[in-house]
Amino acid sequence: MSRLLVAVSSPWAAQKVIDPVALLATQLNAEVLIVHVSRPSAGQMREHEQADGESAMYLLREALQQRDVAVQTLLMFSDDIARAVLNTAIERECTVIVLGLTNKNVFARLLAGNVPVELIKNTRIPVLLLPPDWTGSL
């Protein structure tokens, strides 16, 4: 069986990937592992980021389960988001990594690191990038 790792950063990003992930999972007869990686910062920043991650995972999990897709979730903490996603994909024997791109500006990407680029550069697992305004079918 195929396994898709879907990394989500926010409820907005999760909402954007529901349809393409459901379609891909159905076509591949795949189960889905939804992952959110928060940075291990302290205080309100961590609480906000963790709450966003939990909301994103819940939203995507509920929507996929309503479409009869098998789903697991995983909340992690790491300073290196790309490495955490890659290690999880390898450990869980995922066949595809799916990311929904956001409309972050260049400065925000520099602060957060460019996770899509790091994933593509450092893995042999196929990475599917979904643009934020994508509405087509697979």
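State which residue pairs qualify: first residue at negative phi and among the β-branched types (Val, Ile, Thr) and inside the stretch 2-24, second residue modelled with pLDDT of 90 or more and part of a loop (DSSP other than H, G, I, E, B) in any location, beta carbons under 9 Å apart, and separation of 6 or more residues or different chains. Cβ pairs passing all conditions: VAL17/VAL8; ILE18/ARG67; VAL21/VAL69. Could you look through the stretch 10-45, keep only residues that are assigned to a helix (DSSP H, G or I) and within 10 Å of the chain's Cα centre (by Cα), and pick out the one that is surrounded by the fewest Cβ atoms within 10 Å (Cβ to Cβ)? This residue is ALA13.
Test ALA7 against the stated conditions and say whether it is surrounded by 14 or more Cβ atoms within 10 Å (Cβ to Cβ), closer than 19 Å to PRO131 by Cβ and modelled with pLDDT of 90 or more. Yes.
Might you let me know whether the stretch 46-68 holds any residue that is surrounded by fewer than 19 Cβ atoms within 10 Å (Cβ to Cβ) and either touching a residue at least 60 places away in the same chain (Cβ under 8 Å) or assigned to a strand (DSSP E or B) (or both)? There is no residue in the stretch 46-68 that is surrounded by fewer than 19 Cβ atoms within 10 Å (Cβ to Cβ) and either touching a residue at least 60 places away in the same chain (Cβ under 8 Å) or assigned to a strand (DSSP E or B) (or both).
VAL69 falls short on exactly one of the conditions (1) modelled with pLDDT of 95 or more; (2) over 23 Å from PRO131 (Cβ atoms); (3) over 15 Å from the mean Cα position of the chain (by Cα), and that condition is (2).
The values are calculated or read from the model by the stated rules, or taken from the named source; none is laboratory data. It should be emphasised that the depicted structure is a prediction, and the values quoted were computed from it without experimental measurement. Neighbour counts run over all protein chains shown; Cβ positions are idealised from the backbone, glycine included.
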